[in-house]
Amino acid sequence: MFVGVFVLVAGLVSQTPSEPKGSTPVIRINLEESKVRPYTLPDPLRMENGRAVSTKTDWAARRAELLKLFASQVYGQTPAPSRPIAPRYRIRSEHKEALSGTAIRREIAIEFSDRDDGPGMDLLLYLPKNAPRAAVFLGYNFSGNQSVDLDPAITPSRSTHDPRTRSDARATARQARGADSSAWPLEQIVARGYAVATACYADLDPDYDDGFANGVHPLFYKPGQTQPAADEWGSIGAWAWGLSRALDYLETVGEIDAKRVAVMGHSRLGKTSLWAGAQDPRFAVVVSIQSGCGGAALSKRDFGETVARINTSFPHWFCQNFRKYNDHEDALPVDQHELIALVAPRPVLICSAAGDQWADPKGEFLAALAADPVYKLLGTGGLEVSEMPKPAPRQLVKSTIGYHIRPGGHAVTRDDWEVLMDFADAHLGSHPSTP
Ligand code: GTR
(Lines give C-alpha, C1' and ligand atoms only; values in the text may rest on other atoms or scores of the structure.)
Protein backbone atom coordinates (compact mmCIF):
# COMPACT_ATOMS: atom_id res chain seq x y z
CA MET A 1 0.00 0.00 0.00
CA PHE A 2 1.15 3.58 -0.60
CA VAL A 3 2.64 5.59 2.25
CA GLY A 4 3.51 9.25 2.38
CA VAL A 5 3.98 11.56 -0.55
CA PHE A 6 5.27 10.21 -3.78
CA VAL A 7 5.17 10.97 -7.42
CA LEU A 8 3.83 8.85 -10.20
CA VAL A 9 5.13 9.04 -13.70
CA ALA A 10 2.08 8.50 -15.78
CA GLY A 11 4.01 7.43 -18.84
CA LEU A 12 2.16 6.89 -22.05
CA VAL A 13 -1.18 6.00 -20.47
CA SER A 14 -2.67 9.38 -21.14
CA GLN A 15 -1.64 12.73 -22.39
CA THR A 16 -4.10 15.54 -22.29
CA PRO A 17 -4.49 17.40 -25.57
CA SER A 18 -2.58 20.37 -24.14
CA GLU A 19 0.52 18.36 -23.26
CA PRO A 20 3.32 18.33 -25.81
CA LYS A 21 3.84 14.87 -27.28
CA GLY A 22 6.48 12.85 -25.44
CA SER A 23 6.10 14.64 -22.11
CA THR A 24 5.54 12.39 -19.08
CA PRO A 25 3.26 14.01 -16.54
CA VAL A 26 4.49 13.69 -12.97
CA ILE A 27 1.69 13.30 -10.45
CA ARG A 28 2.13 14.06 -6.77
CA ILE A 29 0.22 11.75 -4.46
CA ASN A 30 -0.02 12.44 -0.73
CA LEU A 31 -1.15 9.91 1.84
CA GLU A 32 0.02 11.69 4.98
CA GLU A 33 -2.38 13.88 6.93
CA SER A 34 0.40 16.20 8.14
CA LYS A 35 1.33 16.98 4.53
CA VAL A 36 -2.11 18.10 3.38
CA ARG A 37 -1.69 21.59 1.92
CA PRO A 38 -4.07 24.37 2.93
CA TYR A 39 -7.07 24.71 0.65
CA THR A 40 -10.20 26.81 0.40
CA LEU A 41 -13.59 25.37 -0.41
CA PRO A 42 -16.15 27.25 -2.47
CA ASP A 43 -19.15 28.31 -0.40
CA PRO A 44 -22.23 26.39 -1.53
CA LEU A 45 -24.31 29.25 -0.15
CA ARG A 46 -22.77 31.97 -2.29
CA MET A 47 -23.62 32.55 -5.95
CA GLU A 48 -20.80 32.82 -8.49
CA ASN A 49 -21.44 36.58 -8.52
CA GLY A 50 -20.78 36.73 -4.76
CA ARG A 51 -24.39 37.16 -3.67
CA ALA A 52 -25.27 35.27 -0.48
CA VAL A 53 -27.81 32.46 -0.65
CA SER A 54 -30.11 32.85 2.29
CA THR A 55 -33.54 31.56 1.27
CA LYS A 56 -34.93 28.43 -0.36
CA THR A 57 -35.60 30.47 -3.50
CA ASP A 58 -31.99 31.63 -3.56
CA TRP A 59 -30.91 28.01 -3.21
CA ALA A 60 -32.94 26.99 -6.26
CA ALA A 61 -30.88 29.46 -8.31
CA ARG A 62 -27.60 28.36 -6.73
CA ARG A 63 -28.53 24.72 -7.25
CA ALA A 64 -29.06 25.34 -10.97
CA GLU A 65 -25.71 27.12 -11.13
CA LEU A 66 -23.89 24.27 -9.37
CA LEU A 67 -25.52 21.61 -11.52
CA LYS A 68 -24.35 23.47 -14.61
CA LEU A 69 -20.81 23.75 -13.26
CA PHE A 70 -20.60 20.05 -12.38
CA ALA A 71 -21.98 19.22 -15.81
CA SER A 72 -19.69 21.47 -17.84
CA GLN A 73 -16.50 21.12 -15.76
CA VAL A 74 -16.58 17.68 -14.14
CA TYR A 75 -18.88 14.95 -15.45
CA GLY A 76 -20.02 16.54 -18.71
CA GLN A 77 -23.53 17.41 -19.68
CA THR A 78 -25.98 14.86 -20.95
CA PRO A 79 -26.56 15.95 -24.54
CA ALA A 80 -29.95 15.81 -26.22
CA PRO A 81 -30.29 12.54 -28.15
CA SER A 82 -30.02 12.74 -31.93
CA ARG A 83 -33.45 11.06 -32.09
CA PRO A 84 -35.95 10.89 -29.24
CA ILE A 85 -35.29 7.84 -27.08
CA ALA A 86 -38.37 5.80 -26.23
CA PRO A 87 -37.06 2.83 -24.25
CA ARG A 88 -38.73 -0.53 -24.88
CA TYR A 89 -39.19 -2.89 -21.95
CA ARG A 90 -39.22 -6.65 -22.45
CA ILE A 91 -39.70 -9.07 -19.56
CA ARG A 92 -37.28 -11.89 -20.29
CA SER A 93 -38.02 -14.14 -17.35
CA GLU A 94 -39.91 -14.38 -14.11
CA HIS A 95 -39.38 -16.83 -11.27
CA LYS A 96 -41.86 -16.73 -8.40
CA GLU A 97 -39.82 -18.79 -5.93
CA ALA A 98 -36.44 -17.08 -6.01
CA LEU A 99 -34.12 -16.82 -2.99
CA SER A 100 -35.57 -19.85 -1.23
CA GLY A 101 -39.08 -18.73 -2.03
CA THR A 102 -38.78 -15.30 -0.39
CA ALA A 103 -38.75 -13.25 -3.59
CA ILE A 104 -39.93 -12.93 -7.15
CA ARG A 105 -37.05 -12.61 -9.59
CA ARG A 106 -37.67 -10.80 -12.83
CA GLU A 107 -35.32 -10.01 -15.71
CA ILE A 108 -36.11 -7.05 -17.93
CA ALA A 109 -34.37 -5.96 -21.10
CA ILE A 110 -34.50 -2.20 -21.60
CA GLU A 111 -33.69 -1.23 -25.19
CA PHE A 112 -32.78 2.34 -26.04
CA SER A 113 -33.01 2.00 -29.82
CA ASP A 114 -35.25 0.06 -32.18
CA ARG A 115 -32.64 -2.69 -32.41
CA ASP A 116 -32.58 -5.63 -29.99
CA ASP A 117 -28.79 -5.89 -29.97
CA GLY A 118 -28.32 -2.65 -28.10
CA PRO A 119 -27.51 -0.32 -26.73
CA GLY A 120 -29.68 -1.20 -23.80
CA MET A 121 -29.54 -2.59 -20.31
CA ASP A 122 -30.45 -5.87 -18.67
CA LEU A 123 -32.13 -5.25 -15.35
CA LEU A 124 -32.33 -7.94 -12.69
CA LEU A 125 -35.07 -7.30 -10.14
CA TYR A 126 -35.92 -9.05 -6.87
CA LEU A 127 -39.28 -8.30 -5.27
CA PRO A 128 -39.66 -9.32 -1.63
CA LYS A 129 -42.79 -11.31 -0.91
CA ASN A 130 -42.89 -9.98 2.66
CA ALA A 131 -43.32 -6.33 1.64
CA PRO A 132 -45.98 -5.11 -0.74
CA ARG A 133 -45.04 -1.82 -2.48
CA ALA A 134 -41.48 -2.24 -1.26
CA ALA A 135 -38.78 0.38 -1.26
CA VAL A 136 -35.93 -0.44 -3.65
CA PHE A 137 -32.16 -0.39 -3.70
CA LEU A 138 -31.01 0.34 -7.24
CA GLY A 139 -27.34 0.00 -8.08
CA TYR A 140 -25.03 -1.21 -10.78
CA ASN A 141 -22.94 -4.32 -10.54
CA PHE A 142 -19.44 -4.40 -11.98
CA SER A 143 -19.28 -7.76 -13.70
CA GLY A 144 -22.70 -8.75 -14.98
CA ASN A 145 -25.98 -9.81 -13.41
CA GLN A 146 -24.81 -13.43 -13.31
CA SER A 147 -22.00 -12.36 -10.94
CA VAL A 148 -24.35 -11.24 -8.17
CA ASP A 149 -25.69 -14.71 -7.32
CA LEU A 150 -24.91 -18.35 -7.99
CA ASP A 151 -28.41 -18.98 -9.39
CA PRO A 152 -27.75 -20.66 -12.77
CA ALA A 153 -30.99 -19.24 -14.19
CA ILE A 154 -29.78 -15.62 -14.15
CA THR A 155 -29.16 -14.51 -17.72
CA PRO A 156 -25.63 -13.15 -18.18
CA SER A 157 -25.63 -9.42 -18.86
CA ARG A 158 -25.11 -8.43 -22.47
CA SER A 159 -21.97 -6.50 -21.59
CA THR A 160 -20.15 -9.69 -20.66
CA HIS A 161 -20.35 -10.59 -24.33
CA ASP A 162 -17.77 -7.94 -25.02
CA PRO A 163 -14.86 -9.79 -26.64
CA ARG A 164 -12.31 -7.46 -25.04
CA THR A 165 -13.31 -8.38 -21.51
CA ARG A 166 -13.85 -12.06 -22.35
CA SER A 167 -10.25 -12.46 -23.42
CA ASP A 168 -8.98 -11.21 -20.09
CA ALA A 169 -8.65 -14.09 -17.60
CA ARG A 170 -9.18 -11.89 -14.55
CA ALA A 171 -12.29 -10.38 -16.02
CA THR A 172 -13.58 -13.85 -16.82
CA ALA A 173 -13.12 -14.90 -13.19
CA ARG A 174 -14.90 -11.76 -12.00
CA GLN A 175 -17.75 -12.46 -14.38
CA ALA A 176 -18.31 -15.99 -13.09
CA ARG A 177 -21.67 -16.86 -11.59
CA GLY A 178 -21.85 -15.60 -8.03
CA ALA A 179 -18.31 -14.16 -8.15
CA ASP A 180 -19.52 -10.90 -6.60
CA SER A 181 -22.24 -12.35 -4.38
CA SER A 182 -20.58 -11.10 -1.19
CA ALA A 183 -21.33 -7.55 -2.37
CA TRP A 184 -24.95 -8.50 -3.15
CA PRO A 185 -26.43 -10.36 -0.14
CA LEU A 186 -29.81 -10.65 -1.83
CA GLU A 187 -31.53 -12.85 0.75
CA GLN A 188 -30.44 -10.52 3.54
CA ILE A 189 -31.81 -7.47 1.68
CA VAL A 190 -35.08 -9.10 0.73
CA ALA A 191 -35.53 -10.42 4.29
CA ARG A 192 -35.63 -6.83 5.47
CA GLY A 193 -38.36 -6.00 3.00
CA TYR A 194 -36.39 -4.24 0.29
CA ALA A 195 -36.51 -4.89 -3.42
CA VAL A 196 -33.19 -4.91 -5.29
CA ALA A 197 -32.64 -3.83 -8.87
CA THR A 198 -29.28 -4.13 -10.56
CA ALA A 199 -27.70 -4.05 -14.00
CA CYS A 200 -24.15 -4.17 -15.25
CA TYR A 201 -22.73 -0.67 -15.66
CA ALA A 202 -20.88 -1.71 -18.79
CA ASP A 203 -24.24 -2.15 -20.56
CA LEU A 204 -24.39 1.65 -20.68
CA ASP A 205 -20.76 2.20 -21.54
CA PRO A 206 -17.98 -0.39 -21.39
CA ASP A 207 -15.35 0.80 -18.95
CA TYR A 208 -12.38 1.42 -21.19
CA ASP A 209 -11.18 4.34 -23.24
CA ASP A 210 -12.38 3.57 -26.75
CA GLY A 211 -13.23 7.12 -27.80
CA PHE A 212 -16.92 6.51 -26.96
CA ALA A 213 -17.61 4.39 -30.01
CA ASN A 214 -19.81 1.95 -28.10
CA GLY A 215 -22.36 2.15 -25.28
CA VAL A 216 -25.04 4.83 -25.36
CA HIS A 217 -22.90 7.80 -26.39
CA PRO A 218 -23.39 7.35 -30.16
CA LEU A 219 -27.19 7.60 -29.71
CA PHE A 220 -26.57 11.22 -28.75
CA TYR A 221 -24.16 12.27 -31.49
CA LYS A 222 -25.24 15.05 -33.81
CA PRO A 223 -24.75 14.31 -37.52
CA GLY A 224 -21.01 14.03 -38.13
CA GLN A 225 -20.11 13.90 -34.44
CA THR A 226 -17.88 11.00 -33.35
CA GLN A 227 -16.90 11.99 -29.80
CA PRO A 228 -18.48 13.96 -26.97
CA ALA A 229 -17.55 17.66 -26.96
CA ALA A 230 -15.23 18.94 -24.20
CA ASP A 231 -18.20 19.77 -21.96
CA GLU A 232 -20.21 16.65 -22.79
CA TRP A 233 -20.44 13.49 -20.75
CA GLY A 234 -17.90 10.79 -20.22
CA SER A 235 -18.62 7.33 -18.89
CA ILE A 236 -19.82 8.40 -15.44
CA GLY A 237 -22.37 10.67 -17.10
CA ALA A 238 -23.66 7.80 -19.22
CA TRP A 239 -23.78 5.42 -16.27
CA ALA A 240 -25.73 8.02 -14.26
CA TRP A 241 -28.14 8.49 -17.18
CA GLY A 242 -28.74 4.72 -17.18
CA LEU A 243 -29.72 4.75 -13.50
CA SER A 244 -32.45 7.26 -14.31
CA ARG A 245 -33.62 5.03 -17.17
CA ALA A 246 -33.79 2.10 -14.74
CA LEU A 247 -35.86 4.31 -12.46
CA ASP A 248 -38.20 5.12 -15.37
CA TYR A 249 -38.80 1.40 -15.63
CA LEU A 250 -39.24 0.92 -11.88
CA GLU A 251 -41.98 3.54 -12.00
CA THR A 252 -43.99 1.09 -14.12
CA VAL A 253 -43.71 -1.80 -11.64
CA GLY A 254 -46.81 -2.09 -9.46
CA GLU A 255 -45.20 -4.22 -6.73
CA ILE A 256 -42.72 -1.56 -5.66
CA ASP A 257 -42.89 2.03 -4.49
CA ALA A 258 -40.85 4.03 -6.98
CA LYS A 259 -41.08 7.05 -4.69
CA ARG A 260 -38.83 5.13 -2.30
CA VAL A 261 -35.83 4.22 -4.44
CA ALA A 262 -32.36 4.42 -2.90
CA VAL A 263 -29.68 4.70 -5.56
CA MET A 264 -26.40 3.20 -4.38
CA GLY A 265 -22.98 2.45 -5.74
CA HIS A 266 -19.46 1.49 -4.78
CA SER A 267 -16.30 3.28 -5.82
CA ARG A 268 -16.59 4.51 -9.43
CA LEU A 269 -20.22 3.51 -9.15
CA GLY A 270 -20.49 5.58 -5.96
CA LYS A 271 -19.32 8.59 -7.96
CA THR A 272 -22.04 7.59 -10.41
CA SER A 273 -24.80 7.25 -7.80
CA LEU A 274 -23.99 10.72 -6.43
CA TRP A 275 -24.08 12.28 -9.89
CA ALA A 276 -27.32 10.44 -10.70
CA GLY A 277 -28.87 11.52 -7.40
CA ALA A 278 -27.75 15.10 -7.89
CA GLN A 279 -29.40 15.31 -11.29
CA ASP A 280 -32.52 13.25 -10.78
CA PRO A 281 -34.65 14.34 -7.80
CA ARG A 282 -36.79 11.20 -8.11
CA PHE A 283 -34.12 9.25 -6.22
CA ALA A 284 -35.41 9.38 -2.65
CA VAL A 285 -32.12 8.39 -1.01
CA VAL A 286 -28.58 8.51 -2.40
CA VAL A 287 -25.77 6.27 -1.15
CA SER A 288 -22.09 6.45 -1.97
CA ILE A 289 -19.72 3.74 -0.75
CA GLN A 290 -15.99 4.57 -0.80
CA SER A 291 -16.51 6.77 -3.86
CA GLY A 292 -13.35 8.83 -3.25
CA CYS A 293 -11.96 11.25 -5.83
CA GLY A 294 -14.68 12.53 -8.14
CA GLY A 295 -17.24 11.10 -5.67
CA ALA A 296 -17.70 12.15 -2.07
CA ALA A 297 -14.08 13.13 -1.33
CA LEU A 298 -12.99 16.74 -1.57
CA SER A 299 -10.83 17.36 -4.65
CA LYS A 300 -9.06 20.42 -3.27
CA ARG A 301 -7.76 18.44 -0.29
CA ASP A 302 -4.64 16.77 -1.63
CA PHE A 303 -4.93 13.39 -0.02
CA GLY A 304 -5.18 10.10 -1.90
CA GLU A 305 -6.22 9.98 -5.52
CA THR A 306 -5.97 13.31 -7.31
CA VAL A 307 -7.70 14.83 -10.31
CA ALA A 308 -4.57 14.39 -12.42
CA ARG A 309 -4.21 10.78 -11.41
CA ILE A 310 -7.84 9.86 -12.02
CA ASN A 311 -7.89 11.62 -15.40
CA THR A 312 -4.72 9.75 -16.32
CA SER A 313 -5.80 6.30 -15.20
CA PHE A 314 -9.37 6.69 -16.42
CA PRO A 315 -9.42 9.32 -19.17
CA HIS A 316 -12.96 8.35 -20.17
CA TRP A 317 -14.75 8.80 -16.82
CA PHE A 318 -15.17 12.58 -16.75
CA CYS A 319 -15.57 15.26 -19.42
CA GLN A 320 -12.48 16.59 -21.17
CA ASN A 321 -12.87 19.96 -19.42
CA PHE A 322 -12.10 18.23 -16.12
CA ARG A 323 -8.51 17.75 -17.32
CA LYS A 324 -7.98 21.51 -16.97
CA TYR A 325 -7.83 20.87 -13.24
CA ASN A 326 -5.07 18.27 -13.34
CA ASP A 327 -2.71 19.57 -10.63
CA HIS A 328 -4.93 22.67 -10.44
CA GLU A 329 -7.68 21.62 -8.10
CA ASP A 330 -7.49 25.12 -6.63
CA ALA A 331 -8.99 26.43 -9.89
CA LEU A 332 -12.03 24.16 -9.73
CA PRO A 333 -15.14 26.34 -9.37
CA VAL A 334 -16.84 23.56 -7.36
CA ASP A 335 -15.90 20.83 -4.94
CA GLN A 336 -17.56 17.59 -4.00
CA HIS A 337 -19.37 18.89 -0.89
CA GLU A 338 -21.48 20.78 -3.39
CA LEU A 339 -22.27 17.57 -5.23
CA ILE A 340 -23.57 16.16 -1.95
CA ALA A 341 -25.48 19.40 -1.39
CA LEU A 342 -27.19 18.95 -4.77
CA VAL A 343 -28.99 15.97 -3.25
CA ALA A 344 -30.53 18.20 -0.56
CA PRO A 345 -33.03 18.07 1.01
CA ARG A 346 -33.11 14.34 0.30
CA PRO A 347 -31.19 11.94 2.56
CA VAL A 348 -27.69 11.06 1.43
CA LEU A 349 -25.40 8.47 3.04
CA ILE A 350 -21.64 8.63 2.69
CA CYS A 351 -19.84 5.40 3.60
CA SER A 352 -16.06 5.18 4.00
CA ALA A 353 -13.61 2.41 4.88
CA ALA A 354 -10.65 3.20 7.13
CA GLY A 355 -8.36 0.94 5.13
CA ASP A 356 -9.23 2.67 1.88
CA GLN A 357 -7.01 5.73 2.24
CA TRP A 358 -6.82 6.10 -1.55
CA ALA A 359 -10.46 7.22 -1.39
CA ASP A 360 -9.65 9.69 1.45
CA PRO A 361 -12.22 8.82 4.15
CA LYS A 362 -11.53 12.08 5.98
CA GLY A 363 -12.07 14.05 2.77
CA GLU A 364 -15.39 12.22 2.38
CA PHE A 365 -16.44 13.14 5.91
CA LEU A 366 -15.35 16.77 5.47
CA ALA A 367 -17.38 16.98 2.26
CA ALA A 368 -20.45 15.67 4.09
CA LEU A 369 -19.86 18.26 6.82
CA ALA A 370 -19.40 21.09 4.33
CA ALA A 371 -22.72 20.18 2.66
CA ASP A 372 -24.49 20.65 6.00
CA PRO A 373 -25.27 24.40 5.69
CA VAL A 374 -27.36 23.72 2.59
CA TYR A 375 -29.41 21.07 4.36
CA LYS A 376 -29.79 23.38 7.35
CA LEU A 377 -31.02 26.17 5.08
CA LEU A 378 -33.61 23.79 3.66
CA GLY A 379 -34.69 22.83 7.16
CA THR A 380 -33.70 19.17 7.21
CA GLY A 381 -31.06 19.07 9.93
CA GLY A 382 -28.05 18.07 7.87
CA LEU A 383 -25.22 16.13 9.52
CA GLU A 384 -25.77 15.68 13.25
CA VAL A 385 -22.07 15.33 14.18
CA SER A 386 -19.15 17.66 13.64
CA GLU A 387 -16.42 15.19 14.66
CA MET A 388 -15.55 12.34 12.34
CA PRO A 389 -16.76 9.05 13.86
CA LYS A 390 -14.22 6.33 14.61
CA PRO A 391 -14.29 3.13 12.53
CA ALA A 392 -15.07 1.06 15.64
CA PRO A 393 -17.26 0.54 17.57
CA ARG A 394 -19.84 0.87 14.84
CA GLN A 395 -21.45 4.29 14.70
CA LEU A 396 -23.93 5.06 11.97
CA VAL A 397 -24.73 8.76 11.77
CA LYS A 398 -28.35 8.54 10.66
CA SER A 399 -29.18 12.22 10.17
CA THR A 400 -30.35 13.48 6.76
CA ILE A 401 -26.73 13.61 5.74
CA GLY A 402 -25.56 10.22 7.00
CA TYR A 403 -22.03 9.06 7.51
CA HIS A 404 -20.43 5.74 8.34
CA ILE A 405 -16.85 4.51 8.48
CA ARG A 406 -15.82 0.94 9.18
CA PRO A 407 -12.50 -0.81 9.50
CA GLY A 408 -11.30 -2.74 6.47
CA GLY A 409 -10.68 -2.06 2.82
CA HIS A 410 -12.22 -1.24 -0.50
CA ALA A 411 -15.29 -3.49 -0.83
CA VAL A 412 -19.00 -3.80 -0.16
CA THR A 413 -19.73 -6.22 2.65
CA ARG A 414 -22.80 -7.75 4.27
CA ASP A 415 -22.26 -5.36 7.18
CA ASP A 416 -22.28 -2.42 4.78
CA TRP A 417 -25.68 -3.54 3.62
CA GLU A 418 -26.94 -3.58 7.23
CA VAL A 419 -25.78 0.03 7.47
CA LEU A 420 -27.51 0.94 4.21
CA MET A 421 -30.73 -0.68 5.33
CA ASP A 422 -30.62 0.90 8.80
CA PHE A 423 -30.24 4.27 7.09
CA ALA A 424 -33.01 3.49 4.59
CA ASP A 425 -35.31 2.29 7.41
CA ALA A 426 -34.80 5.65 9.12
CA HIS A 427 -35.58 7.68 6.01
CA LEU A 428 -37.85 5.55 3.83
CA GLY A 429 -39.90 3.93 6.57
CA SER A 430 -39.35 0.55 8.14
CA HIS A 431 -40.50 -2.69 6.64
CA PRO A 432 -41.97 -5.90 7.90
CA SER A 433 -39.25 -8.46 8.44
CA THR A 434 -39.43 -12.13 7.62
CA PRO A 435 -41.41 -14.02 10.24
C1 GTR B 1 -9.70 2.89 -8.48
C2 GTR B 1 -9.87 4.36 -8.72
C3 GTR B 1 -10.90 4.91 -7.81
C4 GTR B 1 -12.13 4.01 -7.68
C5 GTR B 1 -11.83 2.55 -7.88
C6 GTR B 1 -13.01 1.66 -8.27
O7 GTR B 1 -8.69 2.35 -9.21
O8 GTR B 1 -8.65 4.97 -8.53
O9 GTR B 1 -11.24 6.21 -8.21
O10 GTR B 1 -13.14 4.44 -8.46
O11 GTR B 1 -10.90 2.30 -8.82
O12 GTR B 1 -13.94 2.06 -8.94
O13 GTR B 1 -12.93 0.49 -7.92
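The values are calculated or read from the model by the stated rules, or taken from the named source; none is laboratory data. Predicted, not measured: the structure shown is a model, and the values here were computed from it. All Cβ positions, even for glycine, are placed from backbone atoms using ideal geometry, and neighbour counts span all protein chains on display. For the accessible areas, the whole protein counts, side chains as well, though only heavy atoms, and no ligand, DNA or RNA atoms are used. Shrake-Rupley method; radii C 1.70, N 1.55, O 1.52, S 1.80 Å.
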**Message:** Any residue that is over 19 Å from W275 (Cβ atoms), without any contact (Cβ under 8 Å) to a residue 24 or more places away in the chain and not β-branched (V, I, T) - is there at least one of those in the stretch 200-214?
**Reply:** yes
**Asked** Pick from V261, V307: which is within 12 Å of the ligand (Cβ to nearest atom) and either in contact (Cβ under 8 Å) with a residue 24 or more places away in the chain or surrounded by 24 or more Cβ atoms within 10 Å (Cβ to Cβ) (or both)?
**Response** V307
**Prompt:** What pairs come up if the first residue lies in the stretch 356-376 and is within 13 Å of the ligand (Cβ to nearest atom), the second is open to solvent by 20 Å² or more (accessible area, probe 1.4 Å), and their beta carbons are under 6 Å apart, counting only those six or more places apart or on different chains?
**Reply:** D356/G409; D356/H410; Q357/L31; W358/E305
**Prompt:** Do you know which residues across the stretch 386-410 are in contact with a Ser or Thr (Cβ under 9 Å, 6 or more places away or on another chain) and surrounded by fewer than 16 Cβ atoms within 10 Å (Cβ to Cβ)?
**Reply:** H410
**Asked** Is it fair to say S273 is within 13 Å of the ligand (Cβ to nearest atom), at negative phi and within 12 Å of the chain's Cα centre (by Cα)?
**Response** yes
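A quick yes/no check of all residues on (1) β-branched (V, I, T); (2) closer than 22 Å to A262 by Cβ; (3) open to solvent by 10 Å² or more (accessible area, probe 1.4 Å):
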{"site": "I104", "(1), (2), (3)": "yes, yes, yes"}
{"site": "M121", "(1), (2), (3)": "no, yes, no"}
{"site": "K129", "(1), (2), (3)": "no, yes, yes"}
{"site": "A134", "(1), (2), (3)": "no, yes, no"}
**Item:** strands (runs of 3 or more DSSP E) fully within the stretch 194-307 counting 1 or more residues that are more than 22 Å from H410 (Cα to Cα) and among the small types (G, A, S)
**Value:** 194-200, 256-266
**Request:** Kindly indicate whether A229 is crowded, with 20+ Cβ neighbours inside 10 Å and of a type in the set (A, V, I, L, M, F, W, C).
**Result:** no
**Residue selected from the stretch 277-292 under the condition under 18 Å from E338 (Cβ atoms) and open to solvent by 10 Å² or more (accessible area, probe 1.4 Å), by the criterion farthest from the ligand (Cβ to nearest atom)** = P281
**Request:** Considering each residue of the stretch 170-187, count those that are out of contact with any Asp or Glu (no Cβ under 8 Å at 6 or more places or on another chain) and part of a helix (DSSP H, G or I), and give that number.
**Result:** 7
**Item:** H427 touching a residue at least 40 places away in the same chain (Cβ under 8 Å), open to solvent by 50 Å² or more (accessible area, probe 1.4 Å), within 28 Å of D280 (Cβ to Cβ) and within 18 Å of the chain's Cα centre (by Cα)
**Value:** no
